[in-house]
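Below: the structure, in structure tokens.
Coordinate-derived values only; no laboratory data. Small disclaimer: the values here were computed from a predicted structure and weren't measured. Cβ sites come from the backbone with ideal geometry, for glycine too, and all protein chains shown count toward neighbours.
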């Protein structure tokens, strides 16, 4: 979802800009996180990235029950009948409650920014990109859900000589993807599960388009890495790992596979958004399990990156 402001500049909804990032491609990078994602992964650690619009987060531990947000809300979306809650069906995301909340218990996830504003931020660390072999990574959410903004941002970064990376789930039309790849040096491509039915259960969508786009990228002269989130009870079975490894063997130009073990760092965000987290209590994979997954893939001659393995 991209909008045009009154000055005719391309704008997008950004929920974070992370400077000095070292896990989203080579070297020191700045990663731009865009809102909106077509997937609903059960383990998503950034639920505030899923919807393509601004959202209000409520931090209960910071609330002093002053009721100022109730006073300023024009839609009666704030309630303290039993406990302080946001009536999400009434909230128009005008932000008045956030502006009035001096303790900081209410915050906005997502800002509408122009490409020019984002590029100005990215340019501040140009020396780090050059000296470290780093650059810019566009992530999300899913950046292809804001194609005009992502395209213009990538084009501007390439014009400045920055190395560009696109972090994508691959659930995007081939036409949109092809247009973006003209300005991308490296693709970070996520793959969750090889079984289409199970993929839909875990993410809300089939993997057909995702696999087709990965094959399409592999046929091109495009550098790419496949990233696999390893989620216990969801996609870490030996059968799925074997199916993935067998599929990866058919790819000719993949640089390597990066395994990203599950963590629960984003669980509290669901409470801030008034949502339930369906994998509550899930523990990260053990070191032994990580070793066995790596060895299983390596037996297929695959290059595996797994930084958390001690």
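Below is a table of values for the structure above.
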read-out	value
Stretchable slack from residue 305 to residue 216, in nm (0.36 nm times residue separation minus alpha-carbon distance)	29.7 nm
Taking segment 133-226 and dividing mean pair separation by its residue count, relative contact order in percent (alpha carbons under 8 Å, at least six apart)	27 percent
Global geometry of segment 67-186, whether rounded, prolate or oblate, following the gyration tensor of its Cα atoms and the 1.5 cut on a/c	prolate
Relative contact order %, the chain, counting alpha carbon pairs below 8 Å whose residues are six or more apart	18 percent
Centroid-to-centroid separation of segment 247-310 and segment 97-111 [C-alpha atoms, Å]	33 Å
Residue order, fewest to most surrounding Cβ atoms within 10 angstrom, among 53, 270	53, 270
Rounded FRET efficiency, nearest 0.05, which uses the C-beta distance separating residue 239 from residue 208 and R0 of 22 Å	0.70
In range of the label at residue 45: residues from segment 123-147 whose backbone nitrogen is under 20 Å from the point 7 Å along Cα→Cβ	137-143
Per-selection Kirkwood Rh - segment 55-109 (Cα, Å, 1 d.p.)	10.9 Å
Computed over segment 237-310, Cα set: Rg, Dmax in Å	15.4, 45
For segment 149-217 and segment 21-85, distance of Cα centres in Å	24 Å
FRET E, pair residue 90, residue 17, Förster distance 41 Å, beta-carbon r, rounded to 0.05	0.85
Residue 291-residue 83 pseudo-label distance in nm [points 7 Å out on the Cα-to-Cβ vector]	4.2 nm
Cα-based equivalent ellipsoid of the chain: semi-axis lengths in Å, sorted from largest, via gyration tensor	34, 26, 17
Estimated inter-spin distance, residue 268 and residue 60, nm [label 7 Å along Cα→Cβ]	1.3 nm
Residue order, fewest to most surrounding Cβ atoms within 10 angstrom, among 280, 132	280, 132
